[in-house]
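Notes follow the structure.
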Amino acid sequence: ASGYTSHSGSGTAAITNYYAYYTPGTTGTNNYAFYCDSPTAESKIGTLEQYRETVSALTNSATITVDCSLAPVFTVTIAQAGTQFNFKNLGTGQTATVVVKQDGTGSRTATFTEEDSSAILFQGGPPTLSTAANAVDVITVFNTGSEVLGNCAKAYSAS
């Protein structure tokens, strides 16, 4: 077939201007079509039939590290005042979301920084979380390459 390249065994192979759309077989584990292990590889895939983001649970503590290389979405219930969220490994053009829930007591506060301890820029200044017991807020941050911008959507409820 024209434009076909194959590589197997150990070592690496550099391939330029080739497109692969097939993975052989459906048995076994970790079969990927449209897969590249480089986070900078571009994809020209049009419509995806199914897409889900990985959601990772964070552990409550006074300082919570949000490692954006692990997932794009995180959840945590905070249980003390003054929780510091420190975002790390947030690449240029990457977005990360943290669903923050107050514990049954509420009135917990938080600050948000990136890994070099710079404050994340929020519209109107640092956000104040909803303070009701079990309140849910969603913090979204985006890295433009020159600054990290944040948004706080507050007080999610069923009513």
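The values are calculated or read from the model by the stated rules, or taken from the named source; none is laboratory data. The structure displayed is predicted, hence computed values, not measured ones. We place every Cβ from the backbone using ideal geometry, glycine too, and count neighbours over all the protein chains shown. We work out accessible area using only protein heavy atoms, side chains counted, and drop any ligands, DNA or RNA first. Shrake-Rupley method; radii C 1.70, N 1.55, O 1.52, S 1.80 Å.
Evaluating Thr75 against the criteria (1) part of a loop (DSSP other than H, G, I, E, B); (2) within 15 Å of the chain's Cα centre (by Cα); (3) surrounded by 14 or more Cβ atoms within 10 Å (Cβ to Cβ) leaves one unmet condition, (1).
Cβ-Cβ contacts under 8 Å between residues 6 or more apart (or on different chains), taken from a first residue in the range 147-159 that is in a strand (DSSP E or B) to a second residue that is open to solvent by 100 Å² or more (accessible area, probe 1.4 Å), are listed as Asn151/Gln123. Tallying residues that are over 12 Å from Asp137 (Cβ atoms) and not in a strand (DSSP E or B) within the range 96-120 yields 9.
Kindly indicate whether any position in the range 88-110 is basic (Lys, Arg) and within 17 Å of Pro72 (Cα to Cα). So far as the range 88-110 goes, yes, one or more of its residues are basic (Lys, Arg) and within 17 Å of Pro72 (Cα to Cα). Can you tell me which residues in the range 78-95 are out of contact with any Asp or Glu (no Cβ under 9 Å at 6 or more places or on another chain), more than 21 Å from Arg52 (Cβ to Cβ), not in a strand (DSSP E or B) and not polar (S, T, N, Q)? Those that are out of contact with any Asp or Glu (no Cβ under 9 Å at 6 or more places or on another chain), more than 21 Å from Arg52 (Cβ to Cβ), not in a strand (DSSP E or B) and not polar (S, T, N, Q): Ala81, Gly82.
Restricting attention to the range 95-125 and to residues that are more than 16 Å from Val66 (Cβ to Cβ) and either of a type in the set (Lys, Arg) or open to solvent by 30 Å² or more (accessible area, probe 1.4 Å) (or both), the residue that is nearest to the chain's Cα centre (by Cα) turns out to be Leu121.
In this structure, does Asn134 turn out to be open to solvent by 20 Å² or more (accessible area, probe 1.4 Å), touching a residue at least 24 places away in the same chain (Cβ under 8 Å), in contact with a Cys (Cβ under 6 Å, 6 or more places away or on another chain) and among the polar types (S, T, N, Q)? It is false that Asn134 is open to solvent by 20 Å² or more (accessible area, probe 1.4 Å), touching a residue at least 24 places away in the same chain (Cβ under 8 Å), in contact with a Cys (Cβ under 6 Å, 6 or more places away or on another chain) and among the polar types (S, T, N, Q). It is to be established whether one or more residues within the range 50-57 are open to solvent by 40 Å² or more (accessible area, probe 1.4 Å), at pLDDT below 95, among the acidic types (Asp, Glu) and more than 27 Å from Ala135 (Cα to Cα). The answer is no; no qualifying residue exists.
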